[in-house]
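Data first, discussion second: the structure below is written as structure tokens.
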Amino acid sequence: MNKIKSLLSIFAILLVAVSCEEETYDPVIKYGDGPVLTSSEAGGETFLLTEEEADNELFSFSWTQADFGFPAAITYALEIDDAGNSFAGASEIASSSGFSYNITVGELNSLLTSLEYPTGTETPLEIRVKASVSEYANALYSETFGFNVITYSVKLPPIYLLGDATDAGWDNNTTLEAPYMSSGKYGIAAHLKPNAWLKFIKTQGQWAPMWGSDGTGDAFSGKLTYRPTEDDTDPASIPSPSVEGDYRIDVDITNLTYSVYKLPDVIYLVGGATTIGWDPANGLAFTKDGVGKYSLVTTLSTGNGGMKIMAGNSGAWAPQWGSDGNGNSLLGKLSYRAGDADPDPAEIPEPSSAGTYKIEVDFSEYTYKITKQ
């Protein structure tokens, strides 16, 4: 009996010893401060991303070391999500043991388009830093950096304009780019010489595929003929107008049509957001900066409506350009109204706040761009 009691006592002592040993190795985490995030840009701003600036740095982020209460290898992840979503659907921009990360315009644009954010639309987002040491320890987070962003669609390849009516001549290696507009549609603003000829080709340095005239059109509209290979018959050239000047040329290679209209030397801004209101006889004049390019610095207001661009200051409501309805107050595509019988285009939206703005119009890209000064 005494032996049994002794054995039980020894067993109890061993249990206590094991329990004490286990408690000795349990980690005790005393959390300190999370990382403090700093950005090269102020929060709350709207950033317009463009393909031309894809390689430029957009944000330079840095953060302080997180404190988990014990020495550990910490991993820092830069996360992004919709503003107000509490990072429930967070995506990781980058992860490292370092304390900084720089994001380019193209990198952020590629990430957001891969996440199926809409292009050309202002989207509110938030970025934070997540500090982690183990799946068994809670992560520490920085405060959020909030901003708005407008992403761009990557441009599809252009087709090319050439001919003795153009500054490129008939050299298929020095052609003029006609940007992609939409499915099958391309356009360009170009200086044209009078009573001469032009064509379009798909690839620089090659004479086919090619688009020319079917021979029945004139200098302002007509049908195209397609030449798939150089073994096929060379189509007729498209005639240029009889008056030298800058023109907008549109081609539809699906429906095989072309149209041409003259660009004025001066265009004018009207609208509720402007200082002159909706007065087509008193528009604000743009400065011509190049072929198809114009700019204007002016004061814009909010709450009174948008804007349109007039081809003249005669009081007539056509020709005019407005928005295609998909743009915003910073950037968008233009829509043309040739005459009073044509549909009235949407207004270019007013800015989000009153102030001085630079408005740029590009009739090759067929865009407007509005930048606060």
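When you go through VAL260, VAL297 one by one, which is the residue that is surrounded by fewer than 16 Cβ atoms within 10 Å (Cβ to Cβ) and in a strand (DSSP E or B)?
VAL297
Residue check: is PHE68 at negative phi, in contact (Cβ under 8 Å) with a residue 12 or more places away in the chain and assigned to a loop (DSSP other than H, G, I, E, B)?
Yes.
When you look at ASN195, is it open to solvent by 50 Å² or more (accessible area, probe 1.4 Å), under 15 Å from PHE220 (Cα atoms) and assigned to a loop (DSSP other than H, G, I, E, B), yes or no?
yes
Considering LEU284, LEU256, which residue is under 22 Å from PRO158 (Cα atoms) and free of Cβ contacts under 8 Å to residues at least 60 places away in the same chain?
Being under 22 Å from PRO158 (Cα atoms) and free of Cβ contacts under 8 Å to residues at least 60 places away in the same chain holds for just one of LEU284, LEU256, which is LEU256.
Keeping to region 96-124, report how many residues are polar (S, T, N, Q), open to solvent by 60 Å² or more (accessible area, probe 1.4 Å) and under 23 Å from THR64 (Cα atoms).
3
Of the residues LEU224, LEU269, only one is open to solvent by less than 30 Å² (accessible area, probe 1.4 Å), assigned to a strand (DSSP E or B) and under 16 Å from TYR336 (Cα atoms); which?
On inspection, the qualifying residue turns out to be LEU269.
Evaluate region 154-164: report whether one residue or more is under 30 Å from SER60 (Cβ atoms) and either outside any strand (DSSP E or B) or touching a Lys or Arg at 6+ places or on another chain (Cβ under 7 Å) (or both).
yes
Taking LEU176 as the residue in question, decide whether it is free of Cβ contacts under 8 Å to residues at least 24 places away in the same chain, crowded, with 21+ Cβ neighbours inside 10 Å, in contact with a Ser or Thr (Cβ under 7 Å, 6 or more places away or on another chain) and not β-branched (Val, Ile, Thr).
yes
With the requirement that a residue be over 24 Å from GLU107 (Cα atoms) and surrounded by fewer than 14 Cβ atoms within 10 Å (Cβ to Cβ), what does region 135-157 give you?
GLU135, TYR136, ASN138
Only one residue in THR275, THR216 is part of a loop (DSSP other than H, G, I, E, B), farther than 30 Å from THR299 by Cβ and open to solvent by 60 Å² or more (accessible area, probe 1.4 Å). Which one?
Being part of a loop (DSSP other than H, G, I, E, B), farther than 30 Å from THR299 by Cβ and open to solvent by 60 Å² or more (accessible area, probe 1.4 Å) holds for just one of THR275, THR216, which is THR216.
GLY303: in a loop (DSSP other than H, G, I, E, B), modelled with pLDDT under 95 and within 21 Å of ALA189 (Cα to Cα), yes or no?
no
The values are calculated or read from the model by the stated rules, or taken from the named source; none is laboratory data. As the structure is a computational prediction, the values presented were derived from the model and not from experiment. Note that each Cβ is placed from the backbone with ideal geometry, even for glycine, and that neighbours are counted across all protein chains shown. Accessible surface is based on the protein model in full, side chains and every heavy atom, while ligands, DNA and RNA are left aside. Shrake-Rupley method; radii C 1.70, N 1.55, O 1.52, S 1.80 Å.
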